[in-house]
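The values are calculated or read from the model by the stated rules, or taken from the named source; none is laboratory data. Predicted, not measured: the structure shown is a model, and the values here were computed from it. Cβ sites come from the backbone with ideal geometry, for glycine too, and all protein chains shown count toward neighbours.
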Amino acid sequence: MMDAQGSGQGSSKTHFGFQTVDEGAKAGMVHGVFSRVASKYDIMNDLMSLGIHRLWKDAMMDWLAPRPGQKLLDVAGGTGDVAFRFLKRAPGATATVCDMTESMLIEGQKRAEAEDMAARLDWVVGDAMALPFEANTFDVYTISFGIRNVTRIPDALAEAYRVLKPGGRLMVLEFSQIPNEMLQSLYDAYSFNVIPVMGQIVAKDRDSYQYLVESIRKFPTQEIFASMIREAGFEHVKYRNLTMGIAALHSGWKV
């Protein structure tokens, strides 16, 4: 649930969790997080969310409604969860999984689904802010639990717009903000007290999962993020809260 993307240049500042860092340093720090946790990534997702992330990804597919023959680009695609779901629902479709962290892609290629769908899948190391694809190439662009790790989110959204064909669709699944202060406080208590300990026990890496929960709290609200998608040029932008707003789906179209 924390697929990684992003790089940066120059001396501008950004956040890495609750730390303030140089933009140029963030990509390497995020890359380090996902390189360290790649082998335990899938099992930690199930443990942290009690398996609910699977329902969220299924809800994403329900709203997306994949169609036969479509070309999907799944950015920050990690171990392939979203691409596999898309291909199962769309006969003759193809998917490109793009991630900054090669070790995450390697873990994905070990999964049984990857072997079964090998002829319809590509695995590409790439940066969300400078995608290695031509303009107007894909029918669908997805990014799940990855856009909050990008150094400059507007740059990633601009790249999503560029690589989509006219009529193409963007869909983002990301942790969000619960619009109820008491429930948000309870969720924060779980996040900050349980998840880093779980990361230490299962993945032998407390710091990476401390970053995870901090990055979630730094991500914009649903309305602010929707406005960022509109500013990138997308139209018919909508969002849906999942599990009271712990996560949200955002949809937009390149018209």
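Among residues of the range 64-75 being surrounded by 13 or more Cβ atoms within 10 Å (Cβ to Cβ) and of a type in the set (A, V, I, L, M, F, W, C), the one that is farthest from T96 (Cα to Cα) is L64. Taken across the range 179-195, residues that are in contact (Cβ under 8 Å) with a residue 40 or more places away in the chain and either touching a strand residue (DSSP E or B) at 6+ places or on another chain (Cβ under 6 Å) or outside any helix (DSSP H, G or I) (or both) do occur, with at least one present. Just one residue in the set P91, P154 is out of contact with any Lys or Arg (no Cβ under 9 Å at 6 or more places or on another chain) and part of a loop (DSSP other than H, G, I, E, B); that residue is P91. Per the listing I201, I195, the residue uniquely surrounded by 14 or more Cβ atoms within 10 Å (Cβ to Cβ) and at negative phi is I195.
Taken together, the residues in the range 104-138 that are in a helix (DSSP H, G or I), in contact (Cβ under 8 Å) with a residue 40 or more places away in the chain and within 16 Å of the chain's Cα centre (by Cα) amount to 1. Taking the residues in the range 14-28 that are free of Cβ contacts under 8 Å to residues at least 40 places away in the same chain and assigned to a helix (DSSP H, G or I) as candidates, determine which candidate is surrounded by the fewest Cβ atoms within 10 Å (Cβ to Cβ). Once the filter is applied, the top-ranked residue is G28.
The set of residues in the range 225-234 that are closer than 14 Å to V172 by Cα and either surrounded by fewer than 15 Cβ atoms within 10 Å (Cβ to Cβ) or of a type outside the set (F, W, Y) (or both) comprises A226, S227, M228, I229, R230, A232. If you go through the range 110-128 and pick out every residue that is surrounded by 15 or more Cβ atoms within 10 Å (Cβ to Cβ) and out of contact with any strand residue (DSSP E or B) (no Cβ under 6 Å at 6 or more places or on another chain), you end up with 5.
Each row is one residue, and each column tells you yes or no for (1) at pLDDT below 95; (2) hydroxyl-bearing (S, T, Y).
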{"residue": "V172", "(1), (2)": "no, no"}
{"residue": "Q177", "(1), (2)": "yes, no"}
{"residue": "M198", "(1), (2)": "yes, no"}
{"residue": "Y211", "(1), (2)": "yes, yes"}
{"residue": "I216", "(1), (2)": "yes, no"}
{"residue": "T221", "(1), (2)": "no, yes"}
{"residue": "S227", "(1), (2)": "no, yes"}
{"residue": "A232", "(1), (2)": "no, no"}
{"residue": "H250", "(1), (2)": "no, no"}
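Restricting S7, S39, S11 to those that are part of a loop (DSSP other than H, G, I, E, B), modelled with pLDDT under 85 and more than 16 Å from the chain's Cα centre (by Cα) reduces the list to S11.
Only one entry in P196, P220, P179 is within 17 Å of the chain's Cα centre (by Cα) and not acidic (D, E), namely P220.
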